[in-house]
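The values are calculated or read from the model by the stated rules, or taken from the named source; none is laboratory data. All figures in this text were calculated on a predicted structure; none of them were measured in a lab. FYI the Cβ positions are ideal-geometry reconstructions off the backbone, even for glycines, and counts take in every protein chain you see. Heads up: the accessible areas ignore ligands, DNA and RNA and are worked out on the full protein's heavy atoms, side chains in. Shrake-Rupley method; radii C 1.70, N 1.55, O 1.52, S 1.80 Å.
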Amino acid sequence: MEGAGAGFRKELVSKLLHLHFKDAKTKVSGDALQLMVELLKIFVVEAAVRGVRQAQAEDVTLVGVEQLEKVLPQLVAPGLLGLWALAEAAAGKQA
């Protein structure tokens, strides 16, 4: 997966996290932020790979919104949503 893309800027991920936090004073450590950057990168790559597989299964040459919509429920499973709660809890300990 190395070289698969530049990834996400830490500033962007930090803003996204802070939009989700209930307490505006919540802080995110550098390690927690780096972890979330990596998790987000993995999530996006996995969505792309699953979208390609879905398109291949449908014998479609381009991945479109339709294919991504079909694989999205697999990615937003309760277990994956728990990662956000974990990140929020870890960040809360830093406050």
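Once R0 is set to 25 Å, what does the formula 1/(1 + (r/R0)^6) return for the Cβ-Cβ distance between residue 60 and residue 8, expressed as a FRET efficiency to the nearest 0.05?
0.35
Using only the alpha-carbon atoms, what does the range 1-74 span along each of its principal axes? Please give whole angstrom values in decreasing order.
49, 29, 16
I need the calculated FRET efficiency for the pair residue 70 and residue 31, taking r as the beta carbon distance and R₀ as 25 Å, to the nearest 0.05.
Once rounded, the FRET efficiency stands at 0.10.
Suppose the chain between residue 44 and residue 19 were pulled fully straight at 0.36 nm per residue; how much longer would it get relative to their current alpha carbon spacing?
Result: 7.1 nm gained on full extension.
Please compute the per residue accessible area over the range 4-60 with all protein chains in place, 1.4 Å probe, rounded to a whole number of Å².
It amounts to 71 Å² per residue over the range 4-60.
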